[in-house]
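Some notes on the structure that comes next.
Throughout, read-outs are computed from the coordinates displayed, never taken from laboratory work. Predicted model, so just to flag it, every value in this text is computed and none were measured. Neighbour counts run over all protein chains shown; Cβ positions are idealised from the backbone, glycine included.
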Amino acid sequence: MSAVSFKNRVVIVTGSGGGLGRTYALEIARRGGAVVVNDLGGTVEGSGASSTMADQVVNEIKAAGGQAVANYDNVATTDGARRIAATALDTFGRIDALINNAGNFRASWFEDYTKEDLESLITTHLIGTFNVTQAVWPHMKAQHYGRIVFTSSSAGLFGHEKLSAYGAAKGGVAALMNVLSEEGESHGILCNGLMPNASGRMTLRAGEKMSPEDAKEAMANAAGIGNSMEPIFNTGIAVYLASEDCRSTHSLYSACRGRIARVFIGVTNGWQGSCEQPSTVEDIAAHFDQIRDLTHGFHTPRSPSEEHSIVASQVAAGT
Ligand code: NAI
């Protein structure tokens with residue numbers, strides 16, 4: 001298999017001044033890509049700003065002979081997002097891929113999350129991803145080529161206590177990926193999501209907020225984990241999804257202790273009620289096990305109309 005190359009490709013990696021994003025930026029640059037290293041440079045909660053983090057990564061890339069430019073804008077503002085895209089265009093003349101990775105972190109029991117926490121998390125993760133994606137979209141559409149990676153989280157898609165606002169923001173990012181995949185595919189823009197797992201300042205903060213039961217479970221899970229919580233264990237899949245070699249779209253992937261897997265939303269065969277008379281509450285109660293049953297398979301519709309087709313086929317087949 002030939003090496004995956006980023007020669008002549010320009011990639012924006014948001015939040016790449018540290019943690020996971022830094023490893024993505026270094027790897028893309030190592031493979032010949034020109035990288036916009038965006039980072040606001042604030043705290044893990046999302047306060048403050050500094051140019052140091054992005055500058056350090058740019059220096060690292062340049063010292064290794066790669067091409068990179070720093071950008072210190074906030075993804076959460078439309079003007080900031082426009083300047084991130086403009087940095088790529090002004091410096092390197094094009095935008096081929098975007099890895100939406102920037103994010104902040106706050107954890108609380110649901111009743112303790114403040115409106116400010118919620119706004120900060122939704123604005124950074126969901127609105128930030130929306131903003132930067134919207135800023136690069138017309139350029140990708142015009143060149144009929146683009147790769148966009150959306151960073152979601154198992155905390156939102158699987159569920160995790162004390163992360164209601166964070167998880168809701170990350171669930172929104174996955175939903176945005178689903179919709180934009182449908183809008184982008186005919187324009188050569190492929191969109192995929194990634195649920196990473198890595199130790200770093202974010203997981204450190206999550207650990208501090210863990211209940212004793214969760215901490216105990218985490219300790220038990222740590223057996224055999226090796227080095228696989230290093231950020232670099234997520235880099236291969238993130239960089240592949242941003243590459244020309246990637247043909248996947250409308251899909252979500254999880255990186256977890258060295259295992260890379262696809263995550264999907266599935267629909268069971270369910271129970272077929274009448275199309276003439278609505279089912280009653282008692283009908284639902286009587287068929288609830290069948291509605292939930294996973295043992296007879298499931299479907300993974302890509303759109304509302306595909307779900308309609310699946311149900312219509314089941315009815316026609318009498319299943
Ligand atoms: P990190 O805190 O080390 O990196 C996030 C980077 O984003 C920081 O360098 C930060 O300065 C930057 N940033 C924050 N707000 C920004 C803004 N408004 N504009 C521009 N830059 C901003 O965290 P880590 O662990 O590397 O996480 C990266 C992404 O992966 C985040 O989106 C996070 O939510 C997600 N994620 C991480 C997991 C993990 O296990 N570490 C698990 C699931 C998701």
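Matching residues to (1) within 12 Å of the ligand (Cβ to nearest atom); (2) of a type in the set (Val, Ile, Thr); (3) under 25 Å from Ser199 (Cβ atoms):
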site	(1), (2), (3)
Ser2	no, no, no
Asn8	no, no, no
Gly18	yes, no, yes
Glu27	no, no, yes
Gly33	no, no, no
Gly46	yes, no, yes
Tyr72	yes, no, no
Thr91	no, yes, no
* For Ile28, all conditions in the list (1) in contact (Cβ under 8 Å) with a residue 60 or more places away in the chain; (2) within 22 Å of Arg205 (Cα to Cα) hold save one; what is the number of the exception? -> (2)
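Yes or no, residue by residue, for (1) touching a residue at least 24 places away in the same chain (Cβ under 8 Å); (2) within 16 Å of the chain's Cα centre (by Cα); (3) more than 24 Å from Arg83 (Cβ to Cβ):
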| site | (1), (2), (3) |
| --- | --- |
| Leu121 | yes, yes, no |
| Leu126 | yes, yes, no |
| Ile148 | yes, yes, no |
| Ser152 | yes, yes, yes |
| Glu161 | yes, no, yes |
| Ser181 | yes, yes, yes |
| Glu185 | yes, no, yes |
* Structure fact -> How many residues of the range 174-198 are surrounded by fewer than 23 Cβ atoms within 10 Å (Cβ to Cβ), assigned to a helix (DSSP H, G or I) and within 16 Å of the ligand (Cβ to nearest atom)? The answer is 3
* Asked: Quick check: is even one residue across the range 262-273 assigned to a strand (DSSP E or B), without any contact (Cβ under 8 Å) to a residue 40 or more places away in the chain, under 30 Å from Ser309 (Cβ atoms) and not basic (Lys, Arg)?
  -> yes
* Asked: Counting only residues that are touching a strand residue (DSSP E or B) at 6+ places or on another chain (Cβ under 8 Å), assigned to a helix (DSSP H, G or I) and more than 10 Å from the ligand (Cβ to nearest atom), how many does the range 141-156 have?
  -> 1
* To do: Spot the failing condition for Gly297; the list is (1) touching a residue at least 60 places away in the same chain (Cβ under 8 Å); (2) over 22 Å from Leu180 (Cα atoms); (3) among the small types (Gly, Ala, Ser), and only one is missed.
  => (1)
* Structure fact -> When the range 199-237 is checked residue by residue, the ones that are in a helix (DSSP H, G or I), polar (S, T, N, Q) and within 22 Å of Asn104 (Cβ to Cβ) are Thr203, Asn234, Thr235
* Asked: Does Gly207 satisfy being small (Gly, Ala, Ser), closer than 30 Å to Ser5 by Cβ and within 13 Å of the ligand (Cβ to nearest atom)?
  -> no
* Counting only residues that are hydroxyl-bearing (Ser, Thr, Tyr) and assigned to a helix (DSSP H, G or I), which one in the range 94-133 is nearest to the ligand (Cβ to nearest atom)? -> Thr124
* **Residues that are farther than 15 Å from Thr124 by Cβ and of a type in the set (Ser, Thr, Tyr), drawn from the range 157-204** => Ser164, Ser181, Ser186, Ser199, Thr203
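Sort through Ala70, Ala49 and tell me the only one that's surrounded by fewer than 21 Cβ atoms within 10 Å (Cβ to Cβ) and either under 15 Å from Gly21 (Cβ atoms) or without any contact (Cβ under 8 Å) to a residue 40 or more places away in the chain (or both).
The match here is Ala49.
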* So how many residues does the range 157-173 have that are in a helix (DSSP H, G or I) and within 14 Å of the ligand (Cβ to nearest atom)? -> 10
* Which one of these does Ser164 not meet: (1) surrounded by 13 or more Cβ atoms within 10 Å (Cβ to Cβ); (2) in contact with a strand residue (DSSP E or B) (Cβ under 9 Å, 6 or more places away or on another chain)? -> (2)
* What is the residue count in the range 74-86 for residues that are touching a residue at least 60 places away in the same chain (Cβ under 8 Å) and either more than 8 Å from the ligand (Cβ to nearest atom) or surrounded by fewer than 24 Cβ atoms within 10 Å (Cβ to Cβ) (or both)? -> 2
* Find the residue count for the range 48-70, including only residues that are near the ligand (Cβ under 9 Å from one of its atoms), under 20 Å from Arg82 (Cβ atoms) and not in a loop (DSSP other than H, G, I, E, B). => 1
